[in-house]
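**Student:** Encoded as structure tokens, here's the structure I'll be asking about.
The values are calculated or read from the model by the stated rules, or taken from the named source; none is laboratory data. Everything numeric here is computed off the predicted structure, so don't read it as measured data. Counting neighbours? That spans all protein chains shown, and the Cβs are built from the backbone with ideal geometry, glycine included. In case anyone asks, the SASA skips ligands and DNA or RNA and just uses the protein heavy atoms, side chains included. Shrake-Rupley method; radii C 1.70, N 1.55, O 1.52, S 1.80 Å.
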Amino acid sequence: MEFSPVHYIAVPLFAAFLIPLVGKVSKELVKLIPGLVLLYLSYGSIMLFPKGMENPIIEIIAGFKPPFGIALYYGATAAFLVTLVTLLGFVIWLYSYKFIIREPIEKYYMLFMLLITGATGIMLTGDIFNLFVFLEITAIASYSLTAFLRDKDSAEAAFKYLLIGSFSSAFFLLTVMILYTYTGTLNLADLASKADMIPANAKGFALLLVIVGMGIEAEIFPLNGWAPDAYSQAPSPIGAVFAGIVVKAAVYAFIRIIFLFFKTPEVLHFIVIIGLITLIIAEMAALRQHQIKRMLAFSSLGQMGLVILALGIGTTESTSAALFQMFNHAVIKAMLFFAAGYLVFHSGSKLIDSVTGLGYDKPITSFFFSLGALAIIGLPPFSGFWSKLNVLISIASEGEILIIVLILAASVVEAVYYLRIIGKLYTRKEIDSNPRRTPISGLLAMGILAIVIIVIGIYPDVLTQWLQPAAENLLNSEEYIQTGLF
Amino acid sequence: MRKAVAILLLGIFGYYFASIFLSLPFGEKREGVGKHYLENTISETGSVNTVTSIVVSYRGFDTLGEVTVLFLASTGLGAILFDVRRKKRNEQNASPIVRTTSTVFYPMIILLGAYVFVHGHLTPGGGFQGGAIIATGVLLMFMAYRKFEANHTLLSVIESLAGLTFVTVGLTGLIYGGSFLVNFLPLGTPNDLVSAGVIPIIYIAVGFKVGAELTVVLDDMLKTIR
Amino acid sequence: MLYYIGAISLILIGLYAVLVKKNLLKIVIGLAIVDSGLNLLFIAIGYVKNATAPIFSSESLTADKMVDPVPQSLVLTAIVIGLAVTAVALGLVIRLYDHHKTLDINKIRQLKW
């Protein structure tokens, strides 16, 4: 059986339904299954990636041609993001392997795998209602995992997330309804080709609903109030999944829908502005945080603001820079969450002040954290430098100097709070040496990401050659419609 | 203050919302994929119930997602309520009238649920509705008898096997029919119980799965007060 | 026409409950009402005058005398998703009550909004 895009959905689902049965036999096997599935999908991704980059692959489900059946659309953008997601998912699994020691472990792995499957489904599907279903799979898995540690705050964070997430899903369902009412179809490509059938007032309403509904998932200001709580209360590997995978899927879906239906200069301008506001507010808020994981969460919002801003500029250069930034953010923020998870574990407190002196007691974990912090600020020779530079160059070629100044200002703020932690880590202080060590699987996971950060930092061309086709695919709605409908 | 702001916001939203839908003619035929489904359901899927043919066949992928959502809900609920403190519950059973009626109705409700999901491709209903009916029967027993226990191990095995059946049918379609969830069985005569290819198989699996999952959800919640 | 107004009112009532009510259970009920409103609205959109359910159970029924089946099947999915969200929400409410011994949202808010 040759690897095809539907395997991304079918294989993890099969494994998730199998886990309860396997759990009756052996608990250790349960922990291995998600890793094996993600390893298989990573292998498949690497096989499929070059094909998807050349020509979009349309996979028909249930043998009915679109618009009558559901089809998966594996274009260059989806290929880029899905490959990133599966590889990163595997690394996160590696980290979880020793990190998650709380029962019910079996349920953790089911939810974890389905969360990644949902995010992959969002990126792959070519049908708007199917997109809604995958959004809900992702959302429900996220709510449950946010509350996984079962303390006061995590339950509250999860409830807040659920409340805001329900608004998002209601608004998105309403959008689907309006689009179906006027066009009589649900396939994204078919919908886009019939977008003229929607009267102007209904289209305006749908745009409002999409911005609110998808904006909640894509974490744009002021709809991202749930995110810092969810990120910081969830277990650290899940924080990495949220920052590295879930938000990427949501932003992709948001931008795809905007580009397909509402691509007017005014809307793009609006997206640039909300991206900019998100970036600045989030960086300012991150500066004021006392908890390390909350700070990472706000920093993550800021980074996604930068991505949305760059996507809103709407040129090929800016879009490919945004995709590069997405890649870097996924890898680096995952690493920061990994390291922060063990820093919190070793120091026994979530507060930033309590990491003082850990740089000498736990040198390897601290080193990885510092490396991630320097990379995300955008210092050479790390990968974060190139993506930020590309974003700035692409904006400069549009002549928007004010935006560049504001981005640089936000970067300075970002540098301040990250360097503050690094400074604390390497301040000498007498602390009781802690016998607990970071396990090998955790170090291995961080090591893999560190190598990626440095290699991409030194040879950015390894990655940038793929960004061009991915960006063109995202921008070219005409091609999407033609290939999507045969 | 909070109320006034909420009313104002909802007023603006509602006005905009209503103005879109009030300009929409009610009860008129619209062109779209629905027409294609109505005209081709029997020839393409063999199911006389068009809603079922859309749910299980044309948009079967959605249904797989839907089953996953329910599975997630029962798994997630299990994780959230894993070690919630148990509280003492009133041990007294319900009145004899409720108990007798429940005992008599319980098997009949299960049978009705099974009927609904087996005939999903012929009559209104299907796996989700049938499964929900079955869970209602169990709920009735929970209410009548305080000590009524659901067998968690059995339920999770049913849940898993039913889910595996669904995905396996899909994968078999991928191997033999060239696309995931495609029908690989003969369509049969319309309006026969054994017809419509894989639709009844999927709907029976869904029925079992939904019944088991909703029972697990009810049981998880009841356990917090046992 | 009345059907649209009814469904839209339900959605607004539900949203009002979510925004204003202080009791966690009432908020969850509000979410369920929004879901019901959306489902009814979608069913109303698919309705065709003088048409019947889209099931070909006898020879006399023809395709042009049937309502649009797509909204019905989508609503089936939406109902199940709404149910799943409600179940998880209730689970979280049980958790929160267990920790705080209250359902009042003002007394629970510890994380900064």
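**Student:** Tell me the helices (runs of 4 or more DSSP H) entirely within the range A:235-348 that contain at least 1 residues that are under 22 Å from A:LYS362 (Cβ atoms).
**Tutor:** Answer list for the range A:235-348: A:236-241, A:292-313, A:316-347.
**Student:** Look at the range C:21-43 and say how many of its residues are over 13 Å from the mean Cα position of the chain (by Cα) and open to solvent by 10 Å² or more (accessible area, probe 1.4 Å).
**Tutor:** Going through the range C:21-43 one residue at a time, the tally reaches 5.
Residues are listed down the side, and each one gets a yes or a no for (1) assigned to a helix (DSSP H, G or I); (2) closer than 18 Å to A:PHE324 by Cα; (3) open to solvent by less than 20 Å² (accessible area, probe 1.4 Å):
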| residue | (1), (2), (3) |
| --- | --- |
| A:LEU371 | yes, no, yes |
| A:ILE376 | yes, yes, yes |
| A:LEU392 | yes, yes, no |
| A:ILE395 | yes, yes, yes |
| A:ILE407 | yes, yes, yes |
| A:VAL412 | yes, no, no |
| A:LEU419 | yes, no, no |
| A:ARG437 | no, no, no |
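**Student:** Also: Taking interchain pairs and intrachain pairs at least six residues apart, which have beta carbon atoms under 6 angstrom, with the first residue in the range A:445-471 and assigned by TED's automatic domain parsing to the domain that holds A:THR316 and the second hydrophobic (A, V, I, L, M, F, W, C) and surrounded by fewer than 15 Cβ atoms within 10 Å (Cβ to Cβ)?
**Tutor:** none
**Student:** Sticking with this structure for a sec: Could you list, ordered by first residue, the pairs with Cβ atoms under 7 Å in which the first is in the range B:215-226 and within 10 Å of chain C (Cβ to nearest Cβ) and farther than 20 Å from B:ILE158 by Cα and the second is surrounded by fewer than 22 Cβ atoms within 10 Å (Cβ to Cβ) and at pLDDT 85 or above, at least 6 apart or interchain?
**Tutor:** Partner pairs satisfying both residue conditions: B:THR224/B:LEU81; B:THR224/C:ILE94.
**Student:** What is the residue count in the range A:384-421 for residues that are in contact with a Phe, Trp or Tyr (Cβ under 8 Å, 6 or more places away or on another chain) and closer than 26 Å to A:GLN291 by Cα?
**Tutor:** 1
**Student:** Sticking with this one: Has the range A:138-155 got at least one residue that is within 7 Å of chain B (Cβ to nearest Cβ), under 23 Å from A:LEU72 (Cα atoms) and at pLDDT 90 or above?
**Tutor:** yes
**Student:** A follow-up question, please. Looking at the structure I just gave you, is C:ILE81 at pLDDT 85 or above and under 13 Å from the mean Cα position of the chain (by Cα)? Steps first, answer last, please.
**Tutor:** Working: at pLDDT 85 or above: yes; under 13 Å from the mean Cα position of the chain (by Cα): yes.
Answer is yes for this residue.
**Student:** Okay, next question. Among the residues of the range B:18-51, count how many are open to solvent by less than 30 Å² (accessible area, probe 1.4 Å), within 11 Å of chain A (Cβ to nearest Cβ) and within 16 Å of C:ALA7 (Cβ to Cβ).
**Tutor:** Residues flagged as open to solvent by less than 30 Å² (accessible area, probe 1.4 Å), within 11 Å of chain A (Cβ to nearest Cβ) and within 16 Å of C:ALA7 (Cβ to Cβ) within the range B:18-51 amount to 4.
**Student:** Next question, about the same structure. Output the residue which, of all residues in the range C:52-101 that are part of a loop (DSSP other than H, G, I, E, B) and out of contact with any helix residue (DSSP H, G or I) (no Cβ under 7 Å at 6 or more places or on another chain), is farthest from the other protein chains (Cβ to nearest Cβ). Walk me through how you get there before you give the answer.
**Tutor:** Narrowing the range C:52-101 to residues part of a loop (DSSP other than H, G, I, E, B): C:53-54, C:56-62, C:67-68, C:101.
Filter once more, so that each one left must be out of contact with any helix residue (DSSP H, G or I) (no Cβ under 7 Å at 6 or more places or on another chain): C:53, C:57-62, C:101.
Details: C:ALA53: 7, C:SER57: 6, C:SER58: 9, C:GLU59: 10, C:SER60: 13, C:LEU61: 9, C:THR62: 9, C:LYS101: 11 Å.
Taking the candidates together, the pick is C:SER60.
**Student:** Here's a follow-up. For the list (1) under 21 Å from A:ILE137 (Cβ atoms); (2) more than 14 Å from every other protein chain (Cβ to nearest Cβ); (3) open to solvent by 10 Å² or more (accessible area, probe 1.4 Å), I need the number of the one condition that A:PHE14 fails.
**Tutor:** (2)
**Student:** Somewhere in the range B:84-93, is a residue within 14 Å of chain A (Cβ to nearest Cβ), of a type outside the set (Val, Ile, Thr), open to solvent by 80 Å² or more (accessible area, probe 1.4 Å) and not in a helix (DSSP H, G or I)?
**Tutor:** If we filter the range B:84-93 for residues that are within 14 Å of chain A (Cβ to nearest Cβ), which is where we start, we get B:84-85.
Adding the requirement that they be of a type outside the set (Val, Ile, Thr) leaves B:85.
Still in the list and also open to solvent by 80 Å² or more (accessible area, probe 1.4 Å): B:85.
With the extra rule that they be not in a helix (DSSP H, G or I), the set shrinks to B:85.
For the range B:84-93, residues within 14 Å of chain A (Cβ to nearest Cβ), of a type outside the set (Val, Ile, Thr), open to solvent by 80 Å² or more (accessible area, probe 1.4 Å) and not in a helix (DSSP H, G or I): present.
**Student:** May I pose another question? Does A:LYS429 satisfy the condition of being more than 26 Å from the chain's Cα centre (by Cα), surrounded by 16 or more Cβ atoms within 10 Å (Cβ to Cβ) and of a type in the set (Lys, Arg)? Steps first, please.
**Tutor:** Working: more than 26 Å from the chain's Cα centre (by Cα): yes; surrounded by 16 or more Cβ atoms within 10 Å (Cβ to Cβ): no; of a type in the set (Lys, Arg): yes.
Taking the combined requirement at face value, the residue does not satisfy it.
**Student:** Among the residues of the range B:53-71, write down those that are more than 7 Å from chain A (Cβ to nearest Cβ) and among the small types (Gly, Ala, Ser).
**Tutor:** Once the filter is applied, which keeps residues that are more than 7 Å from chain A (Cβ to nearest Cβ) and among the small types (Gly, Ala, Ser), the range B:53-71 yields only B:SER53.
**Student:** Tally the residues that are more than 8 Å from chain A (Cβ to nearest Cβ) and surrounded by fewer than 16 Cβ atoms within 10 Å (Cβ to Cβ), restricting the search to the range B:149-187.
**Tutor:** Total satisfying the criteria: 6.
**Student:** Please go through the range B:166-183 and give me each residue that is part of a loop (DSSP other than H, G, I, E, B) and under 24 Å from the mean Cα position of the chain (by Cα), ordered by number.
**Tutor:** From the range B:166-183, those part of a loop (DSSP other than H, G, I, E, B) are B:178-183; that's our starting set.
Hits for the range B:166-183 are B:PHE180, B:LEU181, B:VAL182, B:ASN183.
**Student:** Determine if the range A:163-181 includes at least one residue that is closer than 24 Å to A:GLU479 by Cα and either surrounded by fewer than 24 Cβ atoms within 10 Å (Cβ to Cβ) or β-branched (Val, Ile, Thr) (or both). Reasoning before the result, please.
**Tutor:** Narrowing the range A:163-181 to residues closer than 24 Å to A:GLU479 by Cα: A:175-176, A:179-180.
Those still in the list that are either surrounded by fewer than 24 Cβ atoms within 10 Å (Cβ to Cβ) or β-branched (Val, Ile, Thr) (or both) too: A:175-176.
Checked the range A:163-181: at least one residue is closer than 24 Å to A:GLU479 by Cα and either surrounded by fewer than 24 Cβ atoms within 10 Å (Cβ to Cβ) or β-branched (Val, Ile, Thr) (or both).
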